[in-house]
Amino acid sequence: MRETVTIARPHAKPRALTEPRWVRYTLTALALGFLALFLLIPLVAVFWEALSKGFGTYLASFHDVYAWHAIKLTLIVVAASVICNGVFGITAAWAITKFSFRGKSLLLTLIDLPFAVSPVIAGLIFVLLFGLQGVFGPWLRDHDLKMIFAVPGIVLATMFITFPFVARELIPVMQSQGTEEEEAARVLGAGGWRIFWRITLPNIKWGLLYGLILCSARAMGEFGAVSVVSGHISGRTNTLPLHIEILYNEYQFVSAFACASLLTLLALVTLVVKSLVEWHTHRIEALAEAEAFEDRPEGADSPHQPLHPHRDHP
Amino acid sequence: MSISIRKVTKRYKRFHALDDISLEIPEGQLVALLGPSGSGKTTLLRIIAGLDQPDSGSVLFHGADAGKASIRDRKVGFVFQHYALFRHMTIFDNVAFGLAVRPRESRPSKADINDKVHRLLEMVQLDWCADRYPHQLSGGQRQRIALARALAVEPSVLLLDEPFGALDAKVRAELRRWLRRLHDDTGITSVFVTHDQEEAMEVSDRVVVINNGKVEQEGTPADIYDHPASPFVFQFIGNVNLFQGRVHQGWANVGGVKLEMPEHGSVEDAPAIGYVRPHDVVVTRHNDEGSLAATIRHIHAIGPLARVELTPQKQSGVFEAQMPSEVVKSMHLEVGETVYVAPRKVKVFIEPSPGSSPPPPAT
Amino acid sequence: MPILLHKRSILPGFGLTLGFTVLYLGLLVLLPLSALVIKTLDMTWAQFWSTVTAPQVVASYKLSFGTALAAAAINVVFGLLVAWVLVRYHFYGKRFVDAMVDLPFALPTAVAGIALTSLYAPTGWIGQWLEPLGIRVVFAPLGIIVALTFISLPFVVRTVQPVLEDLGKEVEEAAASLGASRLQIFTHIILPELWPAILTGFALAFARAVGEFGSIVFISGNIPMKTEITPLLIFSKLEQFRYAEATAIGVVMLGASFILLLVINFMQRWANKRMAF
């Protein structure tokens, strides 16, 4: 990767305010080297391995009932998690940011809880709850219902893992927007739903989109929790990451990396969308700032316009 | 230390922040750089400090080019508008910072640093807060600490960027006087940037008025107030009434009053604007030659000075006269009555023809 | 709601939204987590203690916490470096690099696991250079550190970056005008401002690394007493249907996670308070 540290630019910083050129080059090279080693090379390796036996073999990897089934199941899991956690995220953010009540910080900590729980434990708790020896195990067996080693368990475990994503994105966004606009709409006679659809949602749509993207990225790739509750039944309870594991352990490397490349592509799409969302919000902020600073090209100057007390022409 | 600024130019993209500025700052003086926002005064101060580099031109300290010296070596004390105190350090550590970061050979001993910091804190009357943190102090106190911190390294020049801009009016007035006293005690060459003409006039030995990246005028505060060199300076410093008129061969006709203008003797019928300070507007009841009939619209007589708002009878618009409240009382001036007005002193500037130079900032 | 008093607000939906929030939280998170506690209560204290202090288990704690600590430490150094370079310097492709930093958040851990394993295997792109030097990565603790460094890479960068961006240049200019060198400015002025963010990033990276499972499965080889991390141990206990033991170890891990979460919360509050003005 070529790099030019701004040295030749006309408004170079004085020496005491930035590092010498060689320091800047060294630091930049070190940082980029680290990122290349840990991010870029693994990324390239996925596609390299997937295509190592040619494009035909790569495509053939997807002509597999189990692979298709895994993809379908993964999509179901993602959809369920995104919808449920999306609805939860919006309601939680509404309750937390539009009202003040006691126990709010406790609630916030509890929402963060799944972040701190190891995926394996997330799987374990659902086994303990719904497994044969679990709390509801006997009852489920009597009613001929299956949660563990079945799709519902996988969905639940993934929902647990991705539980905080949307809420955590929305809460700061809605906090910074305050309640004035909604209150104004209320005073003008709008009902709750109308306020939400017409006022709140347009304001938070980018934050919401970002949260949903993070949520779906995590849901589609979740491995540990799903691994515990799925039972690895090919064609029935294998999501794509689990399918990759099976292929890999069976030394079907090309197929494993082919499926992995699919998930990697989705991850890259996630990053692109995320960058777009960030770029969009930055642009809005920059626009707002530019308006505020319009007639002050000298940022360091005082914000007060001096008063010119004088009279009109007689 | 004296400072010479030679033909300094600085551009930000296509915007001329400083346009070929030359300026002398004599040793031991307190100089104000006065101008509206965006005039380039802060840029100039930052270039003197070495925080920014000019695109061309040079800054000389005591006759020697400071261009190659980085800010570290310039021995410049800089005070920022928003104090820029180190918030994770105590007040003591803030003030001691400049001494503590010196290389071992030139670093004073712990006891010396201790002495010096406490002396400085006493000088700014804040020795009781050495162990506090910046956020525990008020704005005015923080700015005094910032000054003490800058003085700790015994700079040869003190630069202050809108030092009182973030403070409320009362603290500002107090600190202004305090800065003046401090300067009288230390005698250190000081330059401060402000957009507040009152502040510049009250504190400084010399005022440099800057507008659009150029020096409009420099001189003592009295000079600048009494003899403004341009319409901009006239309007920027003090209140002023504007009267439109024309100038023809040494005679001006502004607002219906005819005046002799020998300095514009060669001008052939050009539009002009007459500038009259409110306290130079004389209000009488008799219609003398060269006076203007006007109706009193409003009288603000609070405190020792009264402001009388007048509308000329033959034209539209409003202008203002200022006089002692006593006079208003003894003349029994009333709203709605007709009086006659004459200027004690008028300055007439020819309006530049469109397209030549920027128009006067008349609204 | 008697305990949850709220200020009068004219906006509707307080009861509905808060009710749903609490219900959903309770059913999906709190109820399952309480199953862990209930199951543990089935055991006697002696049983519990002997399970969680068995040599194989203790070895797994040491490995899990040790490798997570190492990975978080690596990420403190390089995360700070990456954040610094991204905020302070300009180079071509900076926006691309900035976006790439989030890759470990977006890439499924299993994919990361197989990619890293193939790279660091003795015949892999990177492994073939390390093998002659006697450095073994795959099926060794070093491999676990590599995988954990990958998955926890964005945390320090993303906590430090915004703080660095908001850092006023005035304090640096003030320090320079007082005669401080660039290095002194960094250690005396910039670093103290960054510490809370660095520590938060470290704790987040550590918490994430301790619980990591997906990427380790492939690279560690799961050799008991040597490369078996705690989450894997729980997993294998479950496969052997030894639920009680799995639960007991799970409780220990969960306890550690809670403590970490509290520490992170506390640090964030401390940082907010310190940066109050």
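The values are calculated or read from the model by the stated rules, or taken from the named source; none is laboratory data. This one's a predicted model, so the numbers in the text were calculated from it and none came from an experiment. Here the Cβ positions follow ideal geometry from the backbone for every residue, glycine too, while neighbour counts run over all protein chains shown. Just so you know, the surface numbers come from the protein's heavy atoms only, side chains and all, with ligands and any DNA or RNA stripped out. Shrake-Rupley method; radii C 1.70, N 1.55, O 1.52, S 1.80 Å.
Taken about its Cα centre, the range B:241-350 carries a charge dipole of about 180 debye when Lys and Arg each add +1 at the Cβ and Asp and Glu each add -1 at the Cβ.
Go ahead and estimate [θ] at 222 nm for chain B from helices alone: -39,500 (n - 2.57) per DSSP H run with n ≥ 4, summed, over the residue count, rounded to 500.
Only helices count here, giving -7500 deg cm²/dmol.
Here chain C is treated with +1 on each Lys and Arg Cβ and -1 on each Asp and Glu Cβ, and its dipole about the Cα centre works out to around 360 debye. Pairing chains A and C buries close to 8700 square angstrom of accessible surface in total, based on protein heavy atoms and a 1.4 angstrom probe. Go ahead and set up a Gaussian network model of chain A, Cα springs under 10 Å, then flag whichever of A:ARG21, A:ARG194, A:ARG102 fluctuates most. Highest fluctuation of the listed residues: A:ARG21. Residue-wise HN-Hα couplings along the range C:248-264, as the Karplus relation 6.51 cos²θ - 1.76 cosθ + 1.60 with θ = phi - 60° gives them from phi, are 4, 5, x, 4, 4, 4, 4, x, 4, 5, 4, 4, 4, 4, 4, 4, 4 Hz; Gly and Pro carry x. Taking all protein chains together and rolling a 1.4 Å probe, A:HIS232 ends up with roughly 50 Å² accessible. A crude spin-label estimate for the pair C:VAL37 and B:HIS332, with each label 7 Å from Cα along the Cβ direction, gives 9.1 nm.
Annotation: A:GLU19 carries an accessible surface of approximately 20 Å², with a 1.4 Å probe and no ligand, DNA or RNA atoms counted. Select from B:TYR225, B:SER190, B:ALA69 the residue farthest towards the positive end of the dipole of the protein assembly as shown; place +1 on Cβ of Lys and Arg, -1 on Cβ of Asp and Glu, and compute about the Cα centre. Of the options given, the answer is B:ALA69. Largest accessible area first, the residues A:PHE55, A:PHE126 order themselves as A:PHE55, A:PHE126 under a 1.4 Å probe with ligands, DNA and RNA left out. Ordering B:LEU99, C:VAL252, B:GLN315 by the projection of their Cα atoms onto the charge dipole of the protein assembly as shown, which places +1 on the Cβ of Lys and Arg and -1 on the Cβ of Asp and Glu, puts C:VAL252 at the extreme positive end.
Based on DSSP, what percent of beta bridges with both residues in the protein assembly as shown are antiparallel, to the nearest 5? Mind dumping the intermediate values first?
Numbers: 59 of 78 bridges.
Antiparallel: roughly 75 percent of the beta bridges in the protein assembly as shown.
Per the 1.4 Å probe, what fraction of the accessible area of the protein assembly as shown, in percent, lies on carbon and sulfur atoms? Reported share for carbon and sulfur atoms: 61 percent.
Taking Cβ atoms as reference points and 12 Å as the exclusive limit, the residues near B:ILE113 contribute a net charge of +2, counting Lys and Arg as +1 and Asp and Glu as -1.
Note on chain C: helix-only mean residue ellipticity at 222 nm, from DSSP H runs of 4+ residues weighted -39500 (n - 2.57) and normalised by residue number, equals -22500 deg cm²/dmol.
Rounded to the nearest 20 debye, the dipole size of chain A about its Cα centre is 240 debye, using +1 on the Cβ of Lys and Arg and -1 on the Cβ of Asp and Glu. Round to a whole angstrom and tell me the spacing of the C-alpha centers of the range C:33-48 and the range B:227-306. About 94 Å separates the Cα centre of the range C:33-48 from the one of the range B:227-306.
Using a 1.4 angstrom probe with every protein chain in place, what is the largest-first accessible-area order of C:TRP125, A:TRP139, A:TRP193? It would help to have the intermediate numbers written out before the result.
Values: C:TRP125 95, A:TRP139 140, A:TRP193 185 Å².
These residues rank, largest area first, as A:TRP193, A:TRP139, C:TRP125.
Accessible area of B:LYS329 (1.4 Å probe, protein heavy atoms only, ligands and nucleic acids ignored): about 140 Å². Put simply, the amide H of B:LEU160, placed in the peptide plane, has neighbours under 5 Å in B:VAL79, B:VAL191, B:PHE192, B:VAL193, leaving out anything fewer than 5 places away on its chain. For the range C:64-102 versus the range A:224-267, the spacing of their alpha-carbon centroids is 29 Å. One decimal place: the segment B:HIS286-B:ARG6 gains 95.3 nm when fully extended, by the rule 0.36 nm per residue minus the C-alpha distance.
For a test of the definition: using alpha carbon positions, the gyration tensor, and the 1.5 limit on a/c, classify the range B:207-311 as rounded, prolate or oblate. Mind showing how you got there, number by number?
Details: a/c = 2.33, a/b = 1.13, b/c = 2.06.
It comes out oblate by the Cα gyration axes.
For B:LYS214, the lysines whose Cα falls under 25 Å of its own Cα, not counting residues fewer than eight places away in the same chain, are A:LYS13, B:LYS7, B:LYS10, B:LYS13, B:LYS41, B:LYS68, B:LYS347. The sum of -39500 (n - 2.57) across all DSSP H runs of n ≥ 4, divided by the residue count of chain A, sets its helix-only mean residue ellipticity at 222 nm to -21500 deg cm²/dmol. Express in whole angstrom the spacing between the alpha-carbon centres of the range C:200-228 and the range B:147-164. After rounding, the separation between the Cα centres reads 54 Å.
Keeping to pairs on different chains or 8 or more places apart, tell me how many lysine pairs in the range C:45-276 have Cα atoms under 28 Å apart.
Counting lysine pairs in the range C:45-276 gives 5.
Considering only B:GLY265, C:GLY179, B:PRO324, the residue lying farthest towards the positive end of the dipole of the protein assembly as shown is C:GLY179, judged by Cα position with unit charges set on Cβ.
Can you work out the FRET efficiency for the pair B:ARG119 and B:GLN53, with r the C-beta to C-beta distance and R0 = 35 Å, to the nearest 0.05?
Working: r = 35 Å, r/R0 = 1.01.
Efficiency for this residue pair is about 0.50.
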